[in-house]
Ligand code: FAD
Ligand code: NDP
């Protein structure tokens, strides 16, 4: 390190990407500080993946109790207590925050609490102190974006929904992306009456069309009131803390409204104007393959650079960044075949190209598709079905995409991600022996192309 710098690397934001980059760089011998204005772990740990998945688990019990009866169990007097779930979640997040602190401190990362602001290409101000760093990494994530609807200030975002003082019996959700869809299933599963309002023809734009349609049918069967080509035009305070929503098909009263209409980079008061860092037309930070911005000493990664806004992607980028800057081995992130899941009920698991994207890319494709009632539901009384779909390149036999809607789709598609990453062909799938009886075996037993 050159003497006049306080640190080799200063990271702003201790979320998924920032924590990993700080830790790894320190383990490689760099003198590192990380600045965080809220809780360690960022969005994923505090108001994202982890509390969300805990709530998904909570919401699955209602159906499990009902289904248990078909298997001979009697579950009398079952009830749900929101406060217990909320408070147990909060305790678990506090435990994780402490673990993140220890993970940073072990390799010697200095944690600076407060809002980090760039004052130049190699200087960061936090409160009334200014630090000099040879390299600065921005990993400040994104923040919910609210549409311009009268009364939108009455709506909650995913930042607040986890900690509601009271359970919302009537919930309106605006949006048709990951967050809106996951919370529609969570709150419906927990017993709320949920209306999910999406402005387009079919939610989850970008996912395979059959997957989107299939999930819509299953969620409706499970009790979510999905409304497409639907608009919320205004929100107004009603009696006893309720909210009256003006909708394209009338007016209705809710206990809470969740707005999940996308997110924007967290760059407020970040001081970008004191640097040459540039933004794309959609407002994300522009970086090269080594995460370097237009200001050579400043780097950025994770959600604030756009693309795949997922925790494992932010972590992968952080690993590549540290290896390149302090490990002596330049690395870039491989964005091919990234598996992802939507934790709806039933969940989606997917990796590789959708049918529409494969066609648009000019592949001649063969599609294998199967829908079935899982074995468990032949006795549980539940009428939920499962969808599996493989997109195969007809010329090379390579499997281009694997998609599923059904129990454990995320768990199953993680493994398929390895196969697709290795370039598996349909013949490889066919010569793989299934595990019987599972739903997953269907992926290796589909023999007849869809007509
Ligand atoms: P973040 O994790 O957002 O971290 C940014 C950090 O920077 C924050 O701690 C913030 O407080 C801090 N910060 C911002 N500005 C400053 C400043 N000026 N000074 C100091 N600190 C600052 N991804 C998945 O892979 N799976 C999931 O199941 C999943 N579920 C999600 C559910 C929800 C409700 C949400 C909102 C997101 C979910 N995500 C999920 C996405 C995932 O959380 C993000 O992709 C991931 O957190 C991005 O990491 P990051 O490091 O880019 O930013
Ligand atoms: P998304 O981008 O996934 O979805 C935003 C939704 O809001 C879209 O349906 C969009 O519609 C709609 N929308 C946008 N603007 C408006 C508007 N002005 N009025 C009405 N509707 C609007 O964002 P999310 O907020 O759901 O999630 C952010 C990101 O977080 C995700 O993209 C994902 O990367 C990550 N995430 C990952 C999860 C996981 O891995 N399981 C879970 C949760 C989040 P349209 O499609 O028509 O543009």
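When the strands (runs of 3 or more DSSP E) confined to the range 353-451 are screened for residues that are under 25 Å from the mean Cα position of the chain (by Cα), those reaching at least 3 such residues are found at 386-393, 399-405.
The set of residues from the range 148-184 being within 24 Å of residue 250 (Cβ to Cβ) and part of a helix (DSSP H, G or I) comprises 152, 153, 154, 180, 181, 183, 184.
Kindly provide the set of residues from the range 216-246 that are modelled with pLDDT under 95 and assigned to a loop (DSSP other than H, G, I, E, B), ordered by number.
The one that is modelled with pLDDT under 95 and assigned to a loop (DSSP other than H, G, I, E, B): 238.
Considering only the range 89-104, I want to know if a residue exists there that is more than 24 Å from the chain's Cα centre (by Cα), within 15 Å of ligand 1 (Cβ to nearest atom), touching a residue at least 40 places away in the same chain (Cβ under 8 Å) and over 30 Å from residue 242 (Cα atoms). The answer is no; no qualifying residue exists. Among the residues making up the range 147-182, those that are within 9 Å of ligand 2 (Cβ to nearest atom), touching a strand residue (DSSP E or B) at 6+ places or on another chain (Cβ under 8 Å) and closer than 23 Å to residue 244 by Cβ are 147, 149, 157, 158, 174, 175, 176, 180.
Could you tell me how many of the residues in the range 219-233 are in contact with a strand residue (DSSP E or B) (Cβ under 9 Å, 6 or more places away or on another chain) and surrounded by fewer than 21 Cβ atoms within 10 Å (Cβ to Cβ)?
The total comes to 8.
When residue 273 is tested against the conditions (1) part of a helix (DSSP H, G or I); (2) within 30 Å of residue 370 (Cβ to Cβ), the lone failure is (2). If only residues of the range 247-266 that are outside any loop (DSSP other than H, G, I, E, B) and within 14 Å of ligand 2 (Cβ to nearest atom) are counted, the one that is farthest from residue 303 (Cα to Cα) is 247.
Candidates in the range 45-67 are the residues that are out of contact with any helix residue (DSSP H, G or I) (no Cβ under 7 Å at 6 or more places or on another chain), closer than 29 Å to residue 17 by Cβ and touching a residue at least 24 places away in the same chain (Cβ under 8 Å); of these, the one that is farthest from ligand 2 (Cβ to nearest atom) is 53. Scanning the range 325-339 for residues that are closer than 22 Å to residue 280 by Cβ and either free of Cβ contacts under 8 Å to residues at least 60 places away in the same chain or within 14 Å of ligand 2 (Cβ to nearest atom) (or both) yields 332, 333, 334, 335, 338. Annotation: of all residues in the range 20-59 being touching a strand residue (DSSP E or B) at 6+ places or on another chain (Cβ under 7 Å) and in a helix (DSSP H, G or I), the one that is farthest from residue 314 (Cα to Cα) is 26.
Condition first: farther than 28 Å from residue 50 by Cβ, touching a helix residue (DSSP H, G or I) at 6+ places or on another chain (Cβ under 8 Å) and buried (at least 16 other Cβ atoms within 10 Å of the Cβ). Can you find one or more residues in the range 146-158 that meet it?
Looking for residues that are farther than 28 Å from residue 50 by Cβ, touching a helix residue (DSSP H, G or I) at 6+ places or on another chain (Cβ under 8 Å) and buried (at least 16 other Cβ atoms within 10 Å of the Cβ), one finds none in the range 146-158, hence no.
Looking only at residues in the range 1-19 that are part of a loop (DSSP other than H, G, I, E, B) and over 28 Å from the mean Cα position of the chain (by Cα), which one is nearest to residue 183 (Cα to Cα)? Per the stated criteria, the residue is 6. The condition of being away from ligand 2 (no atom under 15 Å from the Cβ), buried (at least 18 other Cβ atoms within 10 Å of the Cβ) and closer than 16 Å to residue 118 by Cα holds for only one of 279, 285, that being 285.
The values are calculated or read from the model by the stated rules, or taken from the named source; none is laboratory data. Here the structure is a predicted model, which is why all the values come from computation and not from measurement. Don't worry about glycine lacking a Cβ; one is built from the backbone with ideal geometry, like all the others, and counts go over all protein chains shown.
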